[in-house]
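Only one structure is covered here, and it is reproduced in the block below.
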Ligand code: ADP
Ligand code: ZN
């Protein structure tokens, strides 16, 4: 199962990617997570990426594509994977297309107003790495593993707005996948379980 999840920040892409990977036992490839891990480890890549991430801008394609090439070369990607946050433009989509044959590119749609509402309440878990939400926490801790949570710097409201403007997925990426006949769209619901049911309808047919 070779899947790309598309959608604005806050659409629940990351959460849904985790759910798919759990159910189908696939590696979750999040370029954002890889950049954040590099940042935390203080690597050269992390330092370069940080300049862009802090501004809510996209990291340049050469850097982004190089981490994807590297990740795809690992053994666990042989039978499938779920991409989350990649591709974000046509150059990235074409590059990925040269490397693998995707089964589906699935857009998780969400209106702008709802995006801002959700992102300002999003928290990340230090324990399991999952994105979570202020309303889901149990006694202020991750509802899944009980870990401490934190707010991502780029989830502060001023950065959210500039990310939405600078990072709107270009229509040409959508058209690219439509032309290949692998494009699907669902609308994000108010719960992750309901959204996953919609998503799984599509996955079951692969
Ligand atoms: P979001 O939750 O906003 O979708 P991600 O966790 O996917 O964000 O990514 C965080 C940041 O990492 C982005 O704002 C961007 O700077 C950088 N990034 C992640 N994926 C890509 C990509 N495919 N191309 C360029 N930059 C990326
Ligand atoms: Zn957790």
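So what's the projected area for segment 67-144, the Cα convex hull averaged over all directions, in nm²? Working shown, then result.
Details: hull surface 29.0 nm².
Result: 7.2 nm².
Report the Cα-based extents of segment 69-206 along its three principal axes, largest first, to the nearest Å.
45, 34, 31
Tell me, Kirkwood radius of segment 1-150 from alpha-carbon pair distances, in Å?
Details: mean 1/r = 0.0614 Å⁻¹.
Evaluated over segment 1-150, this radius sits at 16.3 Å.
Per the Kirkwood definition applied to all pairs of different Cα atoms, how many angstroms is the hydrodynamic radius of segment 164-206?
The Cα-based Kirkwood calculation yields 12.2 Å.
Taking the DSSP beta bridges in segment 74-206 as the whole, what percent of them are antiparallel, to the nearest 5?
Counting DSSP beta bridges with both partners in segment 74-206, the antiparallel share is about 55 percent.
For the residues 205, 94, what sequence is obtained by ranking on other C-beta atoms within 10 Å, fewest first?
205, 94
We did not get these values from a lab; they are worked out from the coordinates using the rules stated. Computed from a predicted structure; not experimentally measured. Please note: Cβ atoms are built from the backbone with ideal geometry, for glycine as well, and neighbour counts cover all protein chains shown.
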